[in-house]
Amino acid sequence: MQEEIQKHNQASFTRVSEAFDFLANKLTKNGLDVGNILSQLSGFQVAIPSWALGAGGTRFGRYGIGGEPANLEDKFHDVGLIHALTGCAGAISLHIPWDIPKDTLAIKELAAANGLVFDAVNSNTFQDQPGQKLSYKFGSLSNVNKDIRDLAIAHNKEVVDIGNALGSKSITVWLADGSNFPGQSNFRTALDFTAQSLQEIYQYMPTDWSLFIEYKPYEPHFYHTVIQDWGTSLMLANACGNHAFTLVDLGHHLPNTNIENIVSTLIYQGKLGGFHFNDSKYGDDDLTVGSIKPYQLFLIFNELVWGLEHNIKNNPAPAWMIDASHNLKDPIEDLIQSLDAILIAFVQALIIDQKALQTAQMNHDVSLAQEILQDAYRTDVRPLIQKMRASKNVAIDPLKTYRTMDIRNKLIAKRGVNSRATGL
């Protein structure tokens, strides 16, 4: 594949070099260290979840794309392919029990062969599994039935064991628990049981592990969600200990929520542990990153970059992951586009004149502050990304290369038009 990628790159080298030189000269004159920006960009990695490699769907239906990965080995191949094209997808996040490795050693070797490491493992107590004797219909970690809570806790412990064997260092818990009708659930009791359950999972983890607690205001329940917002997640994380953190999913907010403010607050508290990228118009739409609200993505990255540079509470480096469902697009194309959007927003944040912005803020110069931010946002930073990719011998234009190499049709020829991804 490397030879094919380099072949496709050849036609773009001159154009990329000229565009890079022009932009680098401008940024240097503005006092920016272009070499440092390229270094940060080169080291930026985003995990691909194992469930994002097949066609998603809605509660009304699912339409296959053909050539989907029907087993875990195929999924590693597809993530390795994305990483080979983009150079920034060097980790995979497994969802248990959708993707349980049968041979841990073989899976670790396969991951290494594809240049991948293991990001956070994800538990699943939002649906009953075949043969499960007790049901999560009325909750899992929050259930009033202790036997059901114990079942959910045991599952999370199993996920920790699997992740530990693979070399992962964290577990993400997204809880679907909640209620649909007033009076159905006692809010305080549900929250108390959840806190107790999470603390038991936390105590079971290896000491060098992290627990990421995800929140969501609604869905699948629509009257009340046990972990409905970042404040509840933060409270539960604090109750667990120093290695428990809040995880922010861009789609898990009510419309028009100021997510960048949430990000800033969590870093200020040293409690931003993970970040799930996607985009939305109304809710948890799971659309391609940057397809709806690219400016908000940029503003979020401004807070991420500035906050982690002024890290007074020693917030750890967040675990980055894309969490999306691809209803209409080829999943690999969607993930490539998402990675591009993430890198663009990251670089745009890196080139903000922070000293000038701080001066404007201190002088209450509202107009100038806006101009400084929008000057960075309106700068076409793609030549920096292309230069980085050329230096890493990956595809300068990953989507174009993917299509030119006709990879989807090759996957269909190999796996079949009716192949369906496991999991979703």
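Side notes on the structure shown:
- Residue selected from region 59-71 under the condition touching a helix residue (DSSP H, G or I) at 6+ places or on another chain (Cβ under 9 Å) and surrounded by fewer than 21 Cβ atoms within 10 Å (Cβ to Cβ), by the criterion modelled with the highest pLDDT: Gly66
- Just one residue in the set Ala345, Ala369 is under 12 Å from Asn302 (Cα atoms) and in a helix (DSSP H, G or I); that residue is Ala345.
- Some residue of region 293-315 being more than 17 Å from the chain's Cα centre (by Cα) and under 27 Å from Gln127 (Cβ atoms): no
- Complete set of residues in region 173-191 that are assigned to a loop (DSSP other than H, G, I, E, B), over 12 Å from Asn156 (Cα atoms) and not charged (D, E, K, R): Ala176, Asn180, Phe181, Pro182, Gly183, Gln184, Ser185, Asn186
- Residues of region 233-250 that are surrounded by fewer than 18 Cβ atoms within 10 Å (Cβ to Cβ) and of a type in the set (S, T, N, Q): Asn238, Asn242.
- Gln203 meets all of the listed conditions (1) touching a residue at least 12 places away in the same chain (Cβ under 8 Å); (2) over 30 Å from Pro255 (Cβ atoms) but one, namely (1).
- Yes/no for Gly163 being surrounded by 22 or more Cβ atoms within 10 Å (Cβ to Cβ), of a type outside the set (D, E, K, R) and either touching a residue at least 60 places away in the same chain (Cβ under 8 Å) or assigned to a loop (DSSP other than H, G, I, E, B) (or both): yes
- Selection of region 200-257 for residues being more than 20 Å from Pro182 (Cα to Cα), in a strand (DSSP E or B) and in contact with a Lys or Arg (Cβ under 9 Å, 6 or more places away or on another chain) yields Ser210, Ala244, Phe245, Thr246, Asp249.
- Residue within region 339-349 that is on the phi > 0 side of the Ramachandran plot and without any contact (Cβ under 8 Å) to a residue 60 or more places away in the chain present: no
- Of all residues making up region 192-209, the number that are over 14 Å from Asn156 (Cβ atoms) and among the charged types (D, E, K, R): 2
- Meets criteria (outside any helix (DSSP H, G or I), farther than 30 Å from Asn9 by Cα and in contact with a helix residue (DSSP H, G or I) (Cβ under 8 Å, 6 or more places away or on another chain)) for Thr379: no
- Criterion violated by Asp99 - all others in (1) charged (D, E, K, R); (2) part of a loop (DSSP other than H, G, I, E, B); (3) surrounded by fewer than 21 Cβ atoms within 10 Å (Cβ to Cβ) satisfied: (3)
- So Ile352, is it farther than 22 Å from Tyr215 by Cα and in contact with a Pro (Cβ under 6 Å, 6 or more places away or on another chain): no
- Residue within region 311-318 that is modelled with pLDDT of 95 or more, under 20 Å from Thr265 (Cα atoms) and touching a strand residue (DSSP E or B) at 6+ places or on another chain (Cβ under 6 Å) present: yes
- Considering (1) under 18 Å from the mean Cα position of the chain (by Cα); (2) under 30 Å from Asn30 (Cβ atoms); (3) surrounded by fewer than 21 Cβ atoms within 10 Å (Cβ to Cβ), the lone condition that Ile344 does not fulfil carries the number (3).
- Qualifying positions in region 20-56 - crowded, with 18+ Cβ neighbours inside 10 Å, in a helix (DSSP H, G or I) and among the small types (Gly, Ala, Ser): Ala24, Ser50, Ala52
- Flag for Val381 being under 12 Å from Leu38 (Cβ atoms), over 21 Å from the mean Cα position of the chain (by Cα) and among the aliphatic types (A, V, I, L, M): yes
- Scope region 357-375; condition surrounded by fewer than 17 Cβ atoms within 10 Å (Cβ to Cβ) and among the hydrophobic types (A, V, I, L, M, F, W, C); matching residues: Met362, Val366, Leu368
- The residues in region 77-89 that are in contact with a helix residue (DSSP H, G or I) (Cβ under 9 Å, 6 or more places away or on another chain) and surrounded by fewer than 23 Cβ atoms within 10 Å (Cβ to Cβ) can be counted, and the count is 4.
The values are calculated or read from the model by the stated rules, or taken from the named source; none is laboratory data. Just so it is clear, the structure is predicted and the values come from calculations on it, not from any experiment. Cβ coordinates were reconstructed from backbone atoms using ideal geometry, including for glycine residues, and neighbour counts include every protein chain displayed.
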